[in-house]
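K.L.:
Below is the structure I would like to discuss, written out as structure tokens.
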Amino acid sequence: MRILPILAAAGMATAPAAAAELSVTVEVPRLNVAEYHRPYVAIWVERADQQAAATLAVWYDLDMRNNEGEKWLKDIRQWWRRAGREMRMPVDGVSGATRAPGRHTQAFGAARGPLSELPPGTYNLVVEAAREVGGREMLRLPFQWPPTAPQTAEARGSSELGAVAINVKP
């Protein structure tokens, strides 16, 4: 009977680290332009030296014939140079369709996926958007991983991105 309380205590000690979560909200602005295309967006984590540590999400045109949408991923230039060219798309749990104008939230847990192998440290969450017949924009939001206390950060784009916010919970 003494083993059970010890195992329960051990499980409680590791639960907060496994329960850590990073959620990101990205606003795709509604633009009043003659020819509108939904932006391709990459969301990734970079180390202090600006090298990619983990790709969390890539929103692009998955439905094009012969994977034609992948051809335009290189227009998300910074992500492409740091991580994208090494990836084979689509990636389960990372790839997703482009998003319509509005606010879109995705959550990423520490127990599995790209954040599960992220060593402790200071990072930036990077959101980069590129749009055909449009422009490019990139925002960085700092955070600590793993979190010891709740963290929030917000930035606002000026063209291809609206408000971008992160919420990190232990």
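K.L.:
Given the residues 154, 137, which is the only one that is part of a strand (DSSP E or B), open to solvent by 70 Å² or more (accessible area, probe 1.4 Å), free of Cβ contacts under 8 Å to residues at least 40 places away in the same chain and charged (D, E, K, R)?
P.N.:
Of the residues listed, the single one that is part of a strand (DSSP E or B), open to solvent by 70 Å² or more (accessible area, probe 1.4 Å), free of Cβ contacts under 8 Å to residues at least 40 places away in the same chain and charged (D, E, K, R) is 154.
K.L.:
Which one of these is surrounded by fewer than 17 Cβ atoms within 10 Å (Cβ to Cβ), part of a loop (DSSP other than H, G, I, E, B) and not charged (D, E, K, R): 107, 149? Show your work before the answer.
P.N.:
Details: 107 fails: part of a loop (DSSP other than H, G, I, E, B).
So the residue among 107, 149 that is surrounded by fewer than 17 Cβ atoms within 10 Å (Cβ to Cβ), part of a loop (DSSP other than H, G, I, E, B) and not charged (D, E, K, R) is 149.
This table checks each residue for (1) under 23 Å from residue 33 (Cβ atoms); (2) among the hydrophobic types (A, V, I, L, M, F, W, C); (3) touching a Ser or Thr at 6+ places or on another chain (Cβ under 8 Å).
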position: 88; (1), (2), (3): no, no, no
position: 117; (1), (2), (3): no, no, no
position: 122; (1), (2), (3): no, no, no
position: 125; (1), (2), (3): no, yes, no
position: 137; (1), (2), (3): yes, no, yes
position: 147; (1), (2), (3): no, no, no
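K.L.:
Condition test on residue 73, is it modelled with pLDDT of 95 or more, in contact with a helix residue (DSSP H, G or I) (Cβ under 9 Å, 6 or more places away or on another chain) and farther than 19 Å from residue 24 by Cα?
P.N.:
For residue 73, the condition - modelled with pLDDT of 95 or more, in contact with a helix residue (DSSP H, G or I) (Cβ under 9 Å, 6 or more places away or on another chain) and farther than 19 Å from residue 24 by Cα - is met.
K.L.:
For the range 65-104: of the residues being polar (S, T, N, Q) and surrounded by fewer than 16 Cβ atoms within 10 Å (Cβ to Cβ), which is farthest from residue 43 (Cα to Cα)?
P.N.:
Step one: list which residues in the range 65-104 are polar (S, T, N, Q), which gives 66-67, 78, 95, 98.
So of that shortlist, the ones also surrounded by fewer than 16 Cβ atoms within 10 Å (Cβ to Cβ) come out as 66-67.
Numbers: 66: 24, 67: 21 Å.
Per the criteria, the residue is 66.
K.L.:
Looking at 128, 160 in this structure, which one is open to solvent by less than 30 Å² (accessible area, probe 1.4 Å), outside any strand (DSSP E or B) and under 24 Å from residue 30 (Cβ atoms)? So that I can check it myself, show each step before the final result.
P.N.:
Details: 128 fails: outside any strand (DSSP E or B).
Checking each option against the conditions leaves just 160.
K.L.:
Then there's this: Give the residue, chosen from 9, 42, that is assigned to a helix (DSSP H, G or I) and either at pLDDT below 90 or open to solvent by less than 50 Å² (accessible area, probe 1.4 Å) (or both).
P.N.:
Being assigned to a helix (DSSP H, G or I) and either at pLDDT below 90 or open to solvent by less than 50 Å² (accessible area, probe 1.4 Å) (or both) holds for just one of 9, 42, which is 9.
The values are calculated or read from the model by the stated rules, or taken from the named source; none is laboratory data. What you see is a predicted model, and the numbers here were worked out from it, not measured in a lab. For neighbour counting, all protein chains shown are included, and Cβ atoms are generated from backbone atoms with ideal geometry for every residue, glycine included. Ligands, DNA and RNA are excluded from the accessible area calculation, which covers all protein heavy atoms including side chains. Shrake-Rupley method; radii C 1.70, N 1.55, O 1.52, S 1.80 Å.
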